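Worksheet for the structure shown next.
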Amino acid sequence: MPSRHLPITLDRRGLLGLMGASGLAYAATACAGPGSTSGGGGTAPTGGSATDTISFAHWRAEDQQVFDAIIKGFAGANADAGVEQDISPSQDYQSSAIQRLRGGEVGDAFTAFRGAQFEDMVSAGVFADLSQQDFVSAYSDRFLPVGQQDGTQYGLPYQVVFLMPIYNVDLFEKAGVSELPRDWDGFLALCETLRSADVTPIAWPGGDAGNAAQLFNSMTMNNAPSEDFGTRIEAGELKCTDDWFLKTLSQYAELAPYMQDNATGSAPEPLQQLFAEQKAGMLATGSYNIAAARALGAEFAMDLVSPITTTAAEARFEGVHNATFILGVNGASEKQETAVAWLEHLSDPEVAGEYANGTAQHVTVEGVEYTNPDLERIEPWLSRNTALAPRYQFLDLDVEAAVEAACVAVVGGQSPEQAAEEAQKIVDEQIG
Amino acid sequence: MRRLTGPGRPHPALYLFCLPAVALYVVFFVVPTLQAVQYATTDWDGFSPDFERVGADNLVKLATGGDSLFTTALTNNLKFLLVVVVLQTMLSLGLALMLLRTTRASVFLRSVYFLPTILSSVSVAFVWRFVYDPNVGPVNTALGAIGLDGLRSGFLGNPDQAIYWVALTQVWAHAGQLMVIFIAGLQQIPEDLYEAARLDGAGRWQQFRHVTWPLVAPTTTIVVAYTTIQSFKAFDLILGLGGNPPRRSLDILSTRVYTTFTNAEFGYAAAQSLLFMVIILAVTLLQRRTLKLTQRGA
């Protein structure tokens, strides 16, 4: 049967109807417009009882089993309570946690990265105020300010990591290194000694922005004119074309020959292997990679070393630490009492020790006994003069990426001046 | 009075059948698009109750090159698009022509070439991240083993080459899928036309140029349009290969928009999304027109 063509025509009434429908749709979108919803905030309850099963949102899948054991202990002490872990990959967590947590459906208790994420979450009212909680006093005063804003204790940073190169103690001894360098010339001499011993002095994962930028912490901590240089770059007070940053970039160029070939394209995993097989003297990431190297079969002793980019007399810091994995109670949660009880449980030095030794991470809770040999070895760094990792001061991710990418570009062969100019151009565009 | 029924006019009740589809379209496309337009005129950060209306400032900044990160992402995307569309179309058409006849060997080879398509982009990315590793990856290792150390590359670490290496991965992953579409299209061409062409003395090239190419045009149009849209949306492959956020040399429009959202610039990211939509539309229309002209010329 031949098909009959039915012409579709739009008369005046139809047109008006279409316009009306569009108007309604636009009105509907306006109702859900920007800024029309807000988060919770408020003060977390004190002295309540744990009677719910709560969601605990975090990004550390590698800690899942240790947390499972800790949760068992929590449920044992609170018969009606439970904790379910809601784990996202760290990059996803960085990108989307704030949107997921705002509604309060997940993450009655949660964690945040130090820096932009913490600041944004506080602004959005995701963090409930923990200032009134007694267990806050269990934490070291040195690290508590990381979880504060305007004097209010919103979060409790739980982990301490050292974001500076780890090194193979045995390999250093074999190469004849008896003392760690205290200035820039000494650090270059160390690299030369390692190269003479036929090992790659520095394994640096330049192909992975997050890991590559950990070296940035050590390279800038003594060169920058002030500790808050990231904030000042975003405020337009400091520039990438300033002498101190050009010096930093030039020092990156000096380090390039001591890194593995094509360092700007290297992923972290093969370099962990290189380090574990004793073919590299240093792995320029952070203490969080010690456990990864152990998992790959490394049996040698490991410690931390930071490049000092100035003379010994000018150096302000010996290394870099970061206090992160900031614990919080969701201001939009209806199960805040249980969430508070969970945080209190984690703040117990015995439980914090279980977490620390099980995950090979130091914690900010005081009075913890470290039994993990690697943690014991680097425990002295907890009281040494280390800078709070500067790269997490940046609140604008594009500014941070531009500044850190300049360092990668220099290792790739670009001149420090050109890399600095390109970075500053982006910074200028972003801060407008 | 106007007749509602009768010859040539559908029964009014028939319009009701469209309602579910229209409702879904309005809720999931029209409303979000209008919302994006609304957000694009603000500086909303995505969570604060306060925001400023900035009018067309966001769009003006993007359209006038005031954001070099966006401009770089657009340039990378166009390079990626060009390489993927040309290589992928040629390769998939070539494979389809070679494997058109159904034999045991060709069925086996079709399966082999189609295999990467069923892998997730993230798996593909992680496999190729290893392939492209400059120190332990098989390419540089092989080059080193045969004494061609000079040709060893930094691959994704080389800002001038990085986007092309990702494009190559995309072609590897999807050529097999498009080969299947081309085979379906080629099988629709009547054998008589080839016989007639052969009787007229046409060689293989002339048969391809004057019979195959014009008649496979509808399939090519679909393949090119699909590949174009795919190239703009190669989000997971880029993040898998280049990390999150990807470095500037690997940033494409979709990853740029995502990074801007992550950076608590919801209004600005909405403006980028709108421009992104316009760019896809413009490129697709341009390609369709070019393809029509090419095939008319054939």
### Query
Does the stretch A:132-152 hold any residues that are surrounded by 15 or more Cβ atoms within 10 Å (Cβ to Cβ) and within 23 Å of A:S383 (Cα to Cα), and which are they?
A:F135, A:V136, A:A138, A:Y139, A:S140, A:R142, A:F143, A:L144, A:V146, A:G147, A:Q148
### Query
Quick check, is A:A81 farther than 24 Å from B:N263 by Cβ, in contact (Cβ under 8 Å) with a residue 40 or more places away in the chain and surrounded by fewer than 17 Cβ atoms within 10 Å (Cβ to Cβ)?
no
### Query
When you look at B:A73, is it within 14 Å of chain A (Cβ to nearest Cβ) and crowded, with 16+ Cβ neighbours inside 10 Å, yes or no?
yes
## Note on the structure
Contact list, first residue from the stretch A:266-280 and in contact (Cβ under 8 Å) with a residue 24 or more places away in the chain, second anywhere and of a type in the set (A, V, I, L, M, F, W, C) and assigned to a helix (DSSP H, G or I), beta-carbon distance below 6 Å, six or more apart or interchain, is A:Q272/A:A292; A:Q272/A:A293; A:F275/A:A293; A:Q278/A:L171; A:A280/A:L274
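In the stretch A:374-424, how many residues are among the β-branched types (V, I, T) and within 22 Å of A:T324 (Cβ to Cβ)?
Filtering the stretch A:374-424 down to residues among the β-branched types (V, I, T) leaves A:378, A:386, A:399, A:403, A:408, A:410-411.
Subset that is within 22 Å of A:T324 (Cβ to Cβ): A:378, A:386, A:399, A:403.
The number of residues fulfilling the criteria is 4.
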### Query
Can A:S226 be described as over 30 Å from A:T43 (Cα atoms), of a type outside the set (F, W, Y), away from chain B (no Cβ under 14 Å) and in contact (Cβ under 8 Å) with a residue 60 or more places away in the chain?
no
### Message
Given the criteria more than 12 Å from chain A (Cβ to nearest Cβ), out of contact with any strand residue (DSSP E or B) (no Cβ under 9 Å at 6 or more places or on another chain), over 30 Å from A:P270 (Cα atoms) and crowded, with 17+ Cβ neighbours inside 10 Å, does B:L24 qualify?
### Response
no
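So, in the stretch A:121-133, how many residues would count as being in contact (Cβ under 8 Å) with a residue 40 or more places away in the chain and either part of a helix (DSSP H, G or I) or within 12 Å of another protein chain (Cβ to nearest Cβ) (or both)?
Pass one, the stretch A:121-133, residues in contact (Cβ under 8 Å) with a residue 40 or more places away in the chain: A:121, A:124-133.
Filter once more, keeping what is either part of a helix (DSSP H, G or I) or within 12 Å of another protein chain (Cβ to nearest Cβ) (or both): A:121, A:124-126.
Going through the stretch A:121-133 one residue at a time, the tally reaches 4.
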### Residue that is farthest from A:L190 (Cα to Cα), among those in the stretch A:275-297 that are over 18 Å from the mean Cα position of the chain (by Cα) and either among the acidic types (D, E) or surrounded by fewer than 21 Cβ atoms within 10 Å (Cβ to Cβ) (or both)
A:A295
### Message
Going by what's in this entry, would B:G267 be described as within 14 Å of chain A (Cβ to nearest Cβ), among the small types (G, A, S), over 29 Å from B:V31 (Cβ atoms) and in contact (Cβ under 8 Å) with a residue 12 or more places away in the chain?
### Response
no
### Task
At least 1 residues that are in contact (Cβ under 8 Å) with a residue 24 or more places away in the chain in each: list the helices (runs of 4 or more DSSP H) lying fully within the stretch B:147-232 that qualify.
B:162-186, B:217-232
### Task
Could you tell me which of the residues A:T46, A:T9 is modelled with pLDDT of 65 or more, surrounded by fewer than 17 Cβ atoms within 10 Å (Cβ to Cβ) and β-branched (V, I, T)?
A:T46
### Query
Can you tell me how many residues in the stretch B:49-70 are surrounded by fewer than 18 Cβ atoms within 10 Å (Cβ to Cβ), of a type in the set (S, T, N, Q) and either at the interface with another protein chain (Cβ under 8 Å from one of its Cβ atoms) or within 12 Å of B:Q272 (Cα to Cα) (or both)?
1
### Residues of the stretch A:404-432 satisfying the condition of being more than 11 Å from chain B (Cβ to nearest Cβ), in contact with a Cys (Cβ under 6 Å, 6 or more places away or on another chain) and crowded, with 22+ Cβ neighbours inside 10 Å
A:A420
#### Entry: Matching residues in the stretch B:184-206 - criterion: being among the basic types (K, R) and farther than 21 Å from B:S92 by Cβ
B:R198
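Of all residues in the stretch A:389-403 being under 12 Å from the mean Cα position of the chain (by Cα) and either away from chain B (no Cβ under 14 Å) or in a helix (DSSP H, G or I) (or both), which is surrounded by the most Cβ atoms within 10 Å (Cβ to Cβ)?
Pass one, the stretch A:389-403, residues under 12 Å from the mean Cα position of the chain (by Cα): A:389-394.
Narrowing the set further to residues that are either away from chain B (no Cβ under 14 Å) or in a helix (DSSP H, G or I) (or both) leaves A:389-393.
Details: A:A389: 26, A:P390: 24, A:R391: 20, A:Y392: 21, A:Q393: 19.
The qualifying residue surrounded by the most Cβ atoms within 10 Å (Cβ to Cβ) is A:A389.
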### Query
In the stretch A:248-276, which residues are within 11 Å of chain B (Cβ to nearest Cβ), out of contact with any Ser or Thr (no Cβ under 7 Å at 6 or more places or on another chain) and not aliphatic (A, V, I, L, M)?
A:D261, A:N262, A:T264, A:G265, A:S266, A:E269, A:P270, A:Q273
## Note on the structure
So, first residue part of a loop (DSSP other than H, G, I, E, B) in the stretch A:39-66, second residue of a type in the set (D, E) and at pLDDT 95 or above, Cβ within less than 6 Å, six or more apart or across chains; the pairs are A:P45/A:E337; A:G48/A:E337
### Message
Being closer than 25 Å to A:H58 by Cα and among the β-branched types (V, I, T) is the requirement here; does A:V320 meet it?
### Response
yes
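The values are calculated or read from the model by the stated rules, or taken from the named source; none is laboratory data. These figures come from a predicted structure and were not determined experimentally. Positions of Cβ are backbone-derived with ideal geometry, glycine not excepted, and every protein chain shown enters the neighbour counts.
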